[in-house]
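Trainee: Structure incoming, see below.
The values are calculated or read from the model by the stated rules, or taken from the named source; none is laboratory data. Predicted model only: the values in this text are computed from it and were never measured. Cβ placement follows ideal geometry from the backbone for every residue including glycine, while neighbour counts extend to all protein chains displayed. Please note that ligands, DNA and RNA were not included when accessible areas were found on the heavy atoms of the full protein model with its side chains. Shrake-Rupley method; radii C 1.70, N 1.55, O 1.52, S 1.80 Å.
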Amino acid sequence: SDALFLIAGLLAGGLYVAGVVRLRRRGDHWSLLRTASWLAGIAVMLWATNSGLAAYSAVSFSLHMLQHMTLTMLAPILLVLGAPATLALRALKPAPPGERGPREWLTWLLHSRITGFFTNPIYVFIVYVIGLYGLYLTPVFGWLMGSHAGHIAMQVHFIVSGYLFYWVLIGIDPRPKPLPYWGRMLLLLVGMAVHAFFAVVLMMAALIVGVIAAYEI
């Protein structure tokens, strides 16, 4: 098991539930589906990083890819649909006039140039889709898998890049310059095409096949 993801997951789940409880006590409504989605996303992340799948992903490339797909495609979708930033904005109390509290800093961050950069569709596409080529078709993969810290870094990348991608596509939380629906559809279709091409390259590359065989021995 991985203590980092276990602690982070339990903390994220606990803070989310605390926010929902605060809203309920105040008499405000919060969607049960969003709560269920967030907690399901946490559960999927914990399963992928703290179960037998995580243990054997270090010695089996096929199980590594299953873990990869789970962390980058399934868990982020569920987490994004939980709308954690929207919940935090509603649950946190405004600071006194003239001061900045957690709610004000979060509002600033969501509309800042920093968030605008990390949710830019070009950046998201490069990190989420093109990054696969740099990871699996170069020595980077072997280097990262050579240490526990490298493996953790790879898993964090999968979750974060997946979260950013699906935040741009289906996110409920506010962000600077959201894409119009036609732009989201275009990003999705192009991403699917490049992913499919990557899968073909991965299966047909003799060098990668050799790496995979050595990796599973």
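Trainee: What is the gain in length, in nm to one decimal, between ARG100 and MET65 on full extension, counting 0.36 nm per residue of separation less the C-alpha to C-alpha distance?
Mentor: Full extension of this stretch gives 8.2 nm more.
Trainee: Over the residues of region 1-132, compute the C-alpha Rg and express it relative to 2.2 N^0.38 Å.
Mentor: 1.24
Trainee: Binned at 5 Å from 0, what are the whole-percent values of the Cα-Cα distance distribution for region 62-117, short to long?
Mentor: Going from the shortest bin to the longest, the percentages are 4, 16, 16, 17, 16, 11, 9, 6, 4, 2, 1, 0.
Trainee: Report the one residue of VAL127, SER112, SER147 whose Cα lies farthest in the direction of the positive end of the charge dipole of region 97-207 (charges on C-beta: Lys and Arg +1, Asp and Glu -1; origin at the Cα centre).
Mentor: Checking the options against the dipole of region 97-207, the answer is SER112.
Trainee: About the Cα centre of the chain, how large is the charge dipole given +1 on each Lys and Arg Cβ and -1 on each Asp and Glu Cβ? Please answer in debye to the nearest 20.
Mentor: 920 debye
Trainee: Next question, about the same structure. Taking only protein heavy atoms into account and a 1.4 Å probe, give the accessible area per residue of the chain in Å².
Mentor: Solvent-accessible surface per residue comes out at 55 Å².
Trainee: Another one. Provide the per-residue ³J(HN,Hα) series for region 184-194, in order, calculated from phi with Karplus coefficients 6.51, -1.76, 1.60 and θ = phi - 60°, each as a whole number of Hz, with x at glycine and proline positions.
Mentor: 5, 5, 5, 4, 5, 5, 5, x, 5, 5, 5
Trainee: Next question, about the same structure. In a solvent-free Debye calculation with one equal scatterer on each Cα, what is log10 I(q)/I(0) for region 82-188 at q = 0.10, 0.14, 0.16, 0.18 Å⁻¹, listed in the order of the q values?
Mentor: -0.40, -0.70, -0.83, -0.95
Trainee: Report, in deg cm²/dmol and to the nearest 500, the calculated mean residue ellipticity at 222 nm for the chain, where each DSSP H run with n ≥ 4 adds -39500 (n - 2.57) and the sum is divided by the residue count.
Mentor: Helices in the chain give a 222 nm mean residue ellipticity of -23000 deg cm²/dmol.
Trainee: Another question, if that's okay. Taking a ≥ b ≥ c as the square roots of the Cα gyration tensor eigenvalues, with a/c under 1.5 meaning rounded and otherwise prolate when a/b beats b/c, else oblate, which class fits region 3-67?
Mentor: Prolate, since a/c reaches 1.5 and a/b exceeds b/c.
Trainee: For region 1-96, with the dipole built from +1 on Lys and Arg beta-carbon atoms and -1 on Asp and Glu ones, taken about the Cα centre, which of SER31, MET45, VAL80 lies farthest toward the positive end?
Mentor: Among SER31, MET45, VAL80, the one farthest towards the positive end of the dipole of region 1-96 is SER31.
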